[in-house]
Amino acid sequence: MGRLKLVFAFSSLLILAAVFIGVAYFWEHVVKPDLQIERELKKDIDVKERPAPDLGIREFEQIVDLLKKGETMTARERLYYLMEYYPDSSLLPEARRIVGEINSDLLISKIPLEGKTEYTVKRGDALASIARRHKTTIDYIMRANGRTSSVIHPNDRLTVYPLEFEVVLDKSDKMIRLELKGLFFKEYPVVRIVLPPMVKPPVKAEVKDRVAWFGEKRVLFNNKNYLKSNKWIQTTHRGLIIRAFHGSGSEEEGKQDDLGILVAPEDLEEMFTLIRVSTPIRFVE
């Protein structure tokens, strides 16, 4: 009887040892690997959900320091660098805005710029013929030379610049971008787009006419009301017009007076200075 109890006890110990070994094996080869995989997956999820660092911030801060020191041209080059190499930076819109302001200031000012020249007026010259020969606009000549009158005299010296832009009307971004020789120059926000049904991107066109209206009459640059006129930029694609928005911002789709790609009046004034007849235009989605 004693031997039987001993055998029973020994058997129980063997069973317990086997169970322990089985549990240990199950933990080591099944449960533990699954927990490890779960932890790794959780790490991956955490990494994916964690926003990537904005590498453009430090670059932008250095650009701001350059602008404060008056190193405008160097800052401009660094802004182009930021736009090219940090396209996902949250500061990209601000970088584009600053580049645009610098570019337009350089173009209108007397600061030397590649392509900018000085023309000496000869007898028989007119602003229209000078603008046509130098691929620029009368508005540019008057602004760049600080003139309020269209009257010119022989030996007057006028700053001229070939305005060889391409206009990109971006429907999805609601922006009008000017590109100069393939390089970003400046962009203008679109307030509203109200176009006829037949005007759908993509469209390739050119500027057909630059129209200035005062009241119900078309006025030319030498008219006393020209500076107060309402300007349009018409294209060769029927119905595709860039106009100034003078409304309150309420949506009135289809209203005839609101048809076109509408921008702030001050933006259209500047575009009217820079965009000439025959300038290529792309309307994109």
What do you reckon, is ALA52 surrounded by fewer than 16 Cβ atoms within 10 Å (Cβ to Cβ), at pLDDT below 95 and closer than 27 Å to LEU274 by Cβ?
no
Inside the range 167-182, the number of residues satisfying the requirement of being within 12 Å of the chain's Cα centre (by Cα) and free of Cβ contacts under 8 Å to residues at least 40 places away in the same chain is 5
Note on LYS110: of the conditions (1) part of a helix (DSSP H, G or I); (2) over 18 Å from LYS181 (Cα atoms), unmet is (1)
The condition from (1) surrounded by 14 or more Cβ atoms within 10 Å (Cβ to Cβ); (2) among the small types (Gly, Ala, Ser); (3) under 15 Å from the mean Cα position of the chain (by Cα) that SER150 misses is numbered (3)
Pairs returned, first residue in the range 197-209 that is in the same structural domain as PHE272 (by TED's automatic domain parsing), second residue that is loosely packed, with under 12 Cβ neighbours inside 10 Å and not in a strand (DSSP E or B), beta-carbon separation under 8 angstrom, 6 or more apart or interchain, are PRO201/GLU285; PRO202/GLU285; GLU206/SER278; VAL207/SER278
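Look through the range 72-97, keep the residues that are assigned to a helix (DSSP H, G or I) and aromatic (Phe, Trp, Tyr), and return whichever of them is nearest to the chain's Cα centre (by Cα). Full working, then the answer.
Going through the range 72-97, the residues assigned to a helix (DSSP H, G or I) turn out to be 72-85, 92-97.
Keeping just the survivors that are aromatic (Phe, Trp, Tyr) gives 80-81, 85.
Numbers: TYR80: 12, TYR81: 15, TYR85: 15 Å.
Top of the filtered list is TYR80.
Anything in the range 173-190 that is modelled with pLDDT under 95 and either surrounded by 12 or more Cβ atoms within 10 Å (Cβ to Cβ) or on the phi < 0 side of the Ramachandran plot (or both)? List them, or say none.
Kept after step one, since they are modelled with pLDDT under 95, are these residues of the range 173-190: 173, 180-183.
Passing the criteria: ASP173, LEU180, LEU183.
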Would you check which residues across the range 149-166 are touching a Phe, Trp or Tyr at 6+ places or on another chain (Cβ under 9 Å) and touching a residue at least 60 places away in the same chain (Cβ under 8 Å) and list them?
SER150, LEU163, PHE165
Condition first: among the acidic types (Asp, Glu) and free of Cβ contacts under 8 Å to residues at least 12 places away in the same chain. Now tell me which residues in the range 55-82 satisfy that.
GLU61, ASP65, GLU71, GLU77
Is it true that some residue in the range 216-225 is surrounded by 18 or more Cβ atoms within 10 Å (Cβ to Cβ) and not in a loop (DSSP other than H, G, I, E, B)?
no
Looking at (1) within 23 Å of PHE221 (Cβ to Cβ); (2) in contact (Cβ under 8 Å) with a residue 40 or more places away in the chain; (3) of a type in the set (A, V, I, L, M, F, W, C), which is the only condition ALA144 fails?
(2)
All but one of (1) in a loop (DSSP other than H, G, I, E, B); (2) modelled with pLDDT under 95 hold for PRO162, so report the exception by its number.
(2)
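Might you check whether a residue that is of a type outside the set (A, V, I, L, M, F, W, C), part of a loop (DSSP other than H, G, I, E, B) and either farther than 29 Å from ARG96 by Cα or in contact with a Lys or Arg (Cβ under 8 Å, 6 or more places away or on another chain) (or both) occurs anywhere in the range 189-198? Quick ask: steps written out before the conclusion?
The first filter runs over the range 189-198 and keeps only residues of a type outside the set (A, V, I, L, M, F, W, C), leaving 189, 192, 196-197.
Still in the running and part of a loop (DSSP other than H, G, I, E, B): 196-197.
Filter once more, so that each one left must be either farther than 29 Å from ARG96 by Cα or in contact with a Lys or Arg (Cβ under 8 Å, 6 or more places away or on another chain) (or both): 196-197.
Yes: one or more hits.
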Go through HIS237, HIS153 for me and flag whichever is assigned to a loop (DSSP other than H, G, I, E, B) and under 17 Å from SER278 (Cβ atoms).
HIS237
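The values are calculated or read from the model by the stated rules, or taken from the named source; none is laboratory data. This structure is a prediction, so every number in the text was calculated from the model and none was measured. All Cβ positions, even for glycine, are placed from backbone atoms using ideal geometry, and neighbour counts span all protein chains on display.
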